[in-house]
Amino acid sequence: MKTYIVGNWKLNFTVGEASIYLHKLLKAIPNYRDTEVVVAPSLIALQPLSLQVDRHKMKLAAQNGFYRDYGAFTGEVSFSQLRGIVDYAIVGHSERRYILREDDKMIAKKVAAAIRNKIKPILCIGETEGERAFGETKDVIRDQLLGGLSEIGDDMVDKVIIAYEPVWAISSGKEAKLAAPDEISEVVKLIRKVLTDTYGKKVAENVPVLFGGSVNPSNAGAYLTVPGVNGLLVGGASLILSEFTDIIETAKRVRA
Ligand code: PEP
């Protein structure tokens, strides 16, 4: 399986800044066959960047998309409009779950809409600090995982990438803490167990599981060697070119 390094730019960079960053990133990285580099710029930058990107070197992801293909949904952009522009889409990021109130039902429809439009969803799941403290991590992970996959057929599950992002470890959190490799390993094992029990071993083995939460050049190597982790979803550090390229090179080295 490939290693995925996905940069989530969130609400940062103007279109011009995004284009300059992409230009520098394309110059800085060679064509890594086994490492899939993906960046998720703001929606407004996706179309121009899709004309600029070298898809042999890296791919684009949307940070969101709407679950209906067209209609009276003011302000939304559908996955059918994103089709051909992006290869991936982040779905169910905790900032959308908790700030924009997206629930598992809506997230499931978005996962299905992305797949229907030939876009690979990166389904984000993860517990809050309070849920972990109350011993609810397993239930939350199970509910968000099966809830997010509930609108697609069993034969489509291996078209999804899962990103485990404990909310307490994401740098947008008030006091982000670093997740320990053991904590990640435990949850990644649980994700694969739930996938195996529900969809069978073959499907579970083919679903990439990424980790995200304050990843930076000094911890990327340790996170990438957690058993069962197939890549990283990087927020803050993906905005700094030298840090992001460092993480990509670490992935190449660790996985070689
Ligand atoms: C994210 O936004 O998905 C993320 C993991 O952010 P950060 O790396 O900044 O914690």
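Points worth noting:
- Subset tally (residues that are within 14 Å of the ligand (Cβ to nearest atom) and in contact with a strand residue (DSSP E or B) (Cβ under 8 Å, 6 or more places away or on another chain)) for the range 67-96: 7
- The set of residues in the range 131-176 being in contact (Cβ under 8 Å) with a residue 12 or more places away in the chain, within 14 Å of the ligand (Cβ to nearest atom) and farther than 22 Å from Glu205 by Cβ consists of Pro166, Val167, Trp168, Ala169, Ile170, Ser171, Ser172, Gly173, Ala176.
- Some residue of the range 51-62 being aliphatic (A, V, I, L, M), modelled with pLDDT under 95 and away from the ligand (no atom under 16 Å from the Cβ): no
- Flag if Thr128 is over 17 Å from the mean Cα position of the chain (by Cα), under 24 Å from Lys193 (Cβ atoms) and within 15 Å of the ligand (Cβ to nearest atom): yes
- Residue in the range 147-156 that is within 29 Å of Arg253 (Cβ to Cβ) and modelled with pLDDT of 95 or more present: no
- Only one of Ile90, Ile119, Ile107, Ile115 that is touching a Cys at 6+ places or on another chain (Cβ under 7 Å) and under 29 Å from Lys202 (Cα atoms): Ile90
- In the range 217-244, the residues that are away from the ligand (no atom under 11 Å from the Cβ), in contact with a Phe, Trp or Tyr (Cβ under 8 Å, 6 or more places away or on another chain) and small (Gly, Ala, Ser): Gly231
- Only listed residue being under 25 Å from Phe244 (Cα atoms) and touching a Lys or Arg at 6+ places or on another chain (Cβ under 9 Å), chosen from Ser78, Ser42, Ser50: Ser42
- Residues in the range 4-20 that are more than 14 Å from Ile248 (Cβ to Cβ) and either away from the ligand (no atom under 13 Å from the Cβ) or surrounded by 14 or more Cβ atoms within 10 Å (Cβ to Cβ) (or both): Asn8, Trp9, Lys10, Asn12, Phe13, Thr14, Val15, Gly16, Glu17, Ala18, Ser19, Ile20.
- Only one of the numbered conditions (1) modelled with pLDDT of 95 or more; (2) out of contact with any strand residue (DSSP E or B) (no Cβ under 9 Å at 6 or more places or on another chain) is violated by Lys120, and that is (2).
- Residues of the range 188-215 satisfying the condition of being buried (at least 23 other Cβ atoms within 10 Å of the Cβ) and of a type in the set (A, V, I, L, M): Leu195, Val209, Leu210, Val215
- Scanning the range 27-42 for residues that are surrounded by fewer than 17 Cβ atoms within 10 Å (Cβ to Cβ) and farther than 17 Å from Ala251 by Cβ yields a count of 1.
The values are calculated or read from the model by the stated rules, or taken from the named source; none is laboratory data. As the structure is a prediction and not an experimental result, all values here were calculated from the model. Quick reminder, even Gly has a Cβ in these numbers, built from the backbone with ideal geometry, and neighbours come from all protein chains shown.
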